[in-house]
Amino acid sequence: MTDDGQVTYREAMRAALGDALREDDRVFLMGEDVGMYGGTFAVTLGLIEEFGPERVRDAPLSESGFVGAGIGAALGGMRPVVEVMTVNFALLALDQIVNTAASLLHMSGGQFNVPIVIRMTTGAGRQLAAQHSHSFEGWFAHIPGIRVLAPATVEDARWMLGPALDDPDPVIIVEHGTLYGAKGDPGTGPVDIDRAAIRRPGSDLTLITYGGTLPTTMAAADRLAEEGIDAEVVDLRTLRPLDDATFCESVARTHRAVVIDEGWRSGSLAAEISARITEQIFYELDAPVGRVCSAEVPMPYAAHLEAAATPTVEGIVAASKQVVGRDG
């Protein structure tokens with residue numbers, strides 16, 4: 001913690017995990033390198049020294065195996081927090097997540113909840129190339145039976161884990177890799193995981209985003225303000241279930257919207273949000289909903305190509321100016 005009380009996103013997550021382990025003996029952590037190594041992104045650094053290897057458990061390189069073991073533990077009354085190194089590797093556990101964790105309550109006629117929390121890193125911006133840098137959270141947001149959280153601020157990183165563990169059903173937390181070093185006020189909690197947050201008020205258009213694209217979108221809103229365009233920024237925070245009310249109320253005030261999503265444009269979360277706006281408040285719109293997404297290519301390794309493939313300040317500004325009729 002710095003002198004002004006700020007902590008990094010990584011430290012906030014670690015504090016949340018430490019609190020969870022102290023407050024509930026049923027909570028344990030499991031994943032590749034979460035113990036002795038302290039986690040690939042150092043989120044669990046030092047926790048094994050305090051809580052021991054029974055509660056901070058290193059797992060072999062077998063995502064389907066250790067996610068499945070976490071589901072079994074949850075069914076047995078434990079509260080596992082399973083870390084999958086990146087969202088790309090979560091695809092190896094997709095059968096366990098979709099066909100077991102998300103489905104069991106329904107398939108058992110309401111008899112068996114699966115109270116598991118699965119954390120994973122998502123997103124580009126670190127030159128880790130295609131197999132470590134994609135944004136598949138929109139896929140998970142497609143699946144009924146699970147909640148998907150995307151903390152974009154240090155405060156949300158600090159306080160979303162508690163309500164996630166209180167949820168009797170599976171929760172996935174996606175943490176954008178570029179946010180781990182970000183500093184901010186951790187707040188005092190709790191946070192509401194059912195509602196989106198307005199991070200910046202505005203009157204000319206609404207910018208809707210989440211996770212790692214929030215800082216880029218806030219920077220774009222600052223740039224737009226310099227040109228006399230007052231943008232409101234909505235942070236979705238929870239990707240399933242979506243808080244339609246907050247972003248639709250915002251768009252009904254500003255009458256224009258741009259959705260910023262690091263996922264691919266086709267079949268994206270941005271497409272879902274755009275459709276919901278059109279379905280619910282079509283007659284409030286003064287322009288078609290804009291979208292700024294990643295280029296539809298496997299994420300490049302080269303820094304300049306990676307930057308060109310993901311949402312940028314310049315791209316958001318251009319899309320916003322087009323929506324408000326200031327592109328010429």
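The values are calculated or read from the model by the stated rules, or taken from the named source; none is laboratory data. Quick caveat, the model's predicted, so the values are computed rather than measured. Here the Cβ positions follow ideal geometry from the backbone for every residue, glycine too, while neighbour counts run over all protein chains shown. The protein model used for the area step is the full one, side chains on, heavy atoms only, and it has no ligands, DNA or RNA in it. Shrake-Rupley method; radii C 1.70, N 1.55, O 1.52, S 1.80 Å.
Structure above, values below:
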item: Considering only the chain, percent of DSSP beta bridges that pair antiparallel, nearest 5; result: 15 percent
item: By accessible area with a 1.4 Å probe, ligands and nucleic acids excluded, highest first: order of Val98, Val174; result: Val98, Val174
item: Neighbourhood net charge (10 Å Cβ-Cβ; Lys/Arg +1, Asp/Glu -1) for Arg326; result: -2
item: In segment 188-250, the GluC sites (Glu not before Pro) that fall in loop regions by DSSP, at most 14 other Cβ within 10 Å; result: Glu227
item: Between helix 63-75 and the chain: long-axis angle, C-alpha atoms, 0 to 90°, nearest 10; result: 70 degrees
item: Residue-normalised accessible area of the chain, given per residue in Å² at a 1.4 Å probe; result: 42 Å²
item: Residue-count net charge about Ala252 - beta-carbon cut-off 12 Å; Lys, Arg +1, Asp, Glu -1; result: -3
item: Positive-pole candidate from Gly35, Trp139, Cys248, dipole of the chain, charges at beta carbon; result: Trp139
item: Cut-off of 10 Å, at most 14 other beta carbons, DSSP loop: longest stretch of the chain lacking such chymotrypsin sites (Phe, Trp or Tyr not before Pro); result: 113-300
item: At 1.567 mPa s and 4 °C, Stokes diffusion of segment 1-147 via Kirkwood alpha-carbon radius, µm² per second; result: 81 µm²/s
item: Crossing angle, helix 244-254 versus the chain [Cα axis fit, 0-90 degrees, rounded to tens]; result: 20 degrees
item: Charge dipole (debye, nearest 20) of segment 275-328; +1 at Cβ of Lys and Arg, -1 at Cβ of Asp and Glu; result: 60 debye
item: Acute angle (nearest 10 degrees) that the helix 9-23 long axis makes with the longest principal axis of the chain, alpha-carbon atoms; result: 40 degrees
item: Accessible area of the chain belonging to carbon and sulfur atoms, whole % at 1.4 Å probe; result: 53 percent
item: Two-decimal ratio, the chain, of alpha-carbon radius of gyration to 2.2 N^0.38 Å; result: 0.99
item: Rounded Å value of the spacing that divides the Cα centres of segment 17-58 and segment 207-253; result: 34 Å
item: Magnitude of the charge dipole, the chain, Cβ model with Lys/Arg +1 and Asp/Glu -1, debye to 20; result: 380 debye
item: Relative contact order (%) - criterion: Cα under 8 Å, at least six apart; region: the chain; result: 16 percent
